[in-house]
1. Please give the charge dipole size of chain B, origin at the Cα centre, charges +1 on K and R Cβ atoms and -1 on D and E Cβ atoms. Round to the nearest 20 debye.
2. Can you run phi through the Karplus equation (6.51, -1.76, 1.60; θ = phi - 60°) for region B:151-165 and list ³J(HN,Hα) in whole Hz, with x for Gly and Pro?
3. Going toward the positive end of the dipole of region B:1-126, with +1 on Lys and Arg Cβ and -1 on Asp and Glu Cβ, which of B:S66, B:A113, B:I95 do you reach last?
4. So what's the gap between the Cα centers of region B:356-410 and region B:183-259, to the nearest angstrom?
5. Enumerate the calculated ³J(HN,Hα) couplings along region B:176-183 in order (Karplus 6.51 cos²θ - 1.76 cosθ + 1.60, θ = phi - 60°), each rounded to whole Hz, writing x wherever the residue is Gly or Pro.
6. Amide H of B:V71 versus every other amide H placed in the peptide plane: which residues, excluding those fewer than 5 positions away on the same chain, fall under 5 Å?
7. Could you rank the peptides B:167-173, B:348-354 by their average count of other C-beta atoms within 10 Å per residue, with the highest value first?
8. For B:123-132, what's the mean count of beta carbons from other chains sitting within 10 Å of each residue's beta carbon?
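Read-outs: derived from the displayed coordinates by stated rules, not from any lab. Nothing here was measured: the structure is a model prediction, and the numbers come from that model. Here the Cβ is made from the backbone with ideal geometry for all residues, glycine too, and neighbour counts use every protein chain on show.
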Amino acid sequence: MSEKRHILSIQVDNEPGVLSRIVGLFSGRGYNIDSLNVAATNEPNISRITMVTTADTAIMEQIKKQLHKLINVVTVHDLTESDYVQRELALIKIHVKADNRGELINIVDIFRYKIVDVGPEHVTIEATATEEKLKAFIELVTPMGIKEIVRTGSIALYRGN
Amino acid sequence: MSAKELTGTKILMKVLKEEGVDTIFGYPGGAVIDIYDELARTEFKHILARHEQGAVHAADGFARASGRTGVCFATSGPGATNTVTGIATAYMDSIPMVIITGQVPTQLIGNDAFQEVDIVGITRPCTKHNYLVKDIESLERILREAFFLARSGRPGPVLVDIPKNIQVMKTKVNGPQDINMRTYKPTYKPNVKQLSRVAGLIKKAKRPLIFSGGGVVLSGASEALVQLARSTNTCVTSTLMGLGAFPGTDPLWLGMPGMHGTFRANMAISQCDLMLAIGVRFDDRVTGRTDDFAPNATIVQIDIDPTSIHKNIEVEVPIVGDCKIALEKLNDLLEKEPEPENAPDRSEWNHQVEAWKKTTPLAYDQKETIKPQYVIDTFFKMTKGEAIVTTEVGQNQMWAAQYYHFNRPHQFITSGGLGTMGFGLPAAIGAQMACPDKLVVDVAGDGSIQMNIQEMATAVEHNLPIKIIILNNRYLGMVRQWQDLFYDKCYSATTLDHNPDFVKLADAYGAKGLRATRPEEVEAVLKEGLETPGAVIMEFVVDREENVYPMVPAGKAITDMLLV
Ligand SMILES: Cc1ncc(C[n+]2csc(CCOP(=O)(O)OP(=O)(O)O)c2C)c(N)n1
Ligand SMILES: [Mg+2]
């Protein structure tokens, strides 16, 4: 069976130890975690975990059922099963000199990202994008010299209701 | 402070009582000293084990024999870590249990305090759920949830870690309440449409087979299972965990399948056209090579845990629900289901099964040295199949499963999923506490019995008349068997030439010790041992290199059996 990427949206009780139960489930059973994002929601006591994982259909079914089985898990949705919007936020600090600063600013403009910090030898860019677009951007600026990069991992929601 | 406020330890005792607990197994220490102080003023029976692992296995044996929730106390740090094997054992076999551990005071947590260990972190993957109690206000709710979780849905152990300072804080209590956890709603009622499909499949099947497991015992579905098998004249095989739920002396009984299963059970699995898998999880010890497991069958699987379905084996008709409810409903549906016009002729299948039974039954050849099978066989006949049997792990366990025929659920108590050596003796103590009037016998190996031998003191202290049959082959026999068959007889680290004198050991603990070294002594030793009041160790010096057969080598198809 072929493996596919899945974006899981998991609502959990906002309690200490819950993340560890989820991560422990994945490590203990040998499932992949490609990226992971956790934060509070508008509902008190509920956090949302957005996780990207790669698995074949049978493993994916197990992952969902195993997650459900955890007492602190409220809902599990595989967003990739229907229409969803996905974004990731990255902060990218790029090495610049006077001679390529202009070029970088142009690229940032084209992508409609933001410059949030500038220094004599660096520019930090805030990029909110889909995975594919972010990948394209990173490839483009890599030759200039990326000093540091930090990414939130994917977050996503169903489209519509 | 109002008069109705109670301390943490009083709340604990109150909840235990309201949850129907009367027996507690445990071991004290600094972090539970307040709990033990309170316990001294209650009417609970407390069994002081001699090791926390023993306490947990005893609570487990109590739960398995009674169908109730086992309860165990242990202190923080080493007390808590000593419980882990016991908890993992119960978890693998879905046994309802609540483990209460003491923890260092909340203000010290995280500081590497004396006897501090993150037991909630350690037991996360081997409990159904666990809790660290952070404030006195949540204690009562957590304790009630712990019992609810332990015994509902697919049962399992739940650990509650209570810091020492919280044990002595006070708060108001609410009393028993319906527990409603929004994130935990096990599915008990099966889908009726799916069940009617199953009824149809049964009527049309030419070569049907029931394959039942521990879920049948846990849900109390034994009667419904017997009715299903008899009304449809379908033969039955059960996993190690399911033994007893279908009578082992019934003509429809095929014996256990899998690695050390009977020839006929494994053949029936490979040739059936309909498999009703009830309360099983298709463990690799049962399936062998999964590609070759029941290759000709439409598989129906009934289980309360959705993760058990499609995990190891793809099934055509998955049904999530309680085994008992599902089987009772299925029996109803079968009564109403019209006979199909050309009802299949099953005589060929029935003949085939009979033929398998006759050509390759379980067998042994009793010659000049005692055969371990002969001991179990004689023990079975002498006790008329009535004993509650616990086991250790290894060859002894397999011979007990093969040669003692169980007729009741809760009669066979063994560590199936984890295969924990040292389980049988403390489990026998728990079982005897649960069933004071029944004969409880631990079938042991000379290796395993030494893993929790200290519990002899517990048995003697409480006058528990448990009997221990040691099949002494002076080997870690099951490992030696693998070395014999698959490692050129290189008996690396499996020889036990320095065993203690088990008869003297029994004596040292204040129990009775007996030994048989020749076949003609077997009956007399069993008779005397079983009739002697109090705890007894019966040692049988058996044929050292006897192997358990049939055997399916790991990873092979279950029809690839080594027969002798
Ligand atoms: C705690 C533990 N350690 C190791 C094993 C591996 N193991 C399985 S069977 C066995 C041998 C058991 O020897 P004994 O109790 O003498 O039983 P026999 O097979 O000889 O009947 C061992 C070491 C185990 N199951 N459990
Ligand atoms: Mg042995």
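1. Working: 57 positive and 66 negative charges, 219 e Å.
With only Lys, Arg, Asp and Glu charged at Cβ, the dipole is about 1040 debye.
2. 9, 8, x, 7, x, x, x, 10, 10, 10, 9, 10, x, 4, 5
3. Value: B:S66.
4. Taking the Cα centre of region B:183-259 as reference, the centre of region B:356-410 is 23 Å away.
5. My calculation for region B:176-183 gives x, 9, 5, 9, 10, 9, 5, 9 Hz in order.
6. Amide H neighbours of B:V71, under 5 Å, 5+ apart: B:F25, B:V98.
7. Details: B:167-173: 17.3, B:348-354: 15.3.
Highest mean packing first, the order is B:167-173, B:348-354.
8. Working: counts 0, 7, 6, 1, 1, 3, 5, 3, 3, 2.
What the average comes to for B:123-132 is 3.
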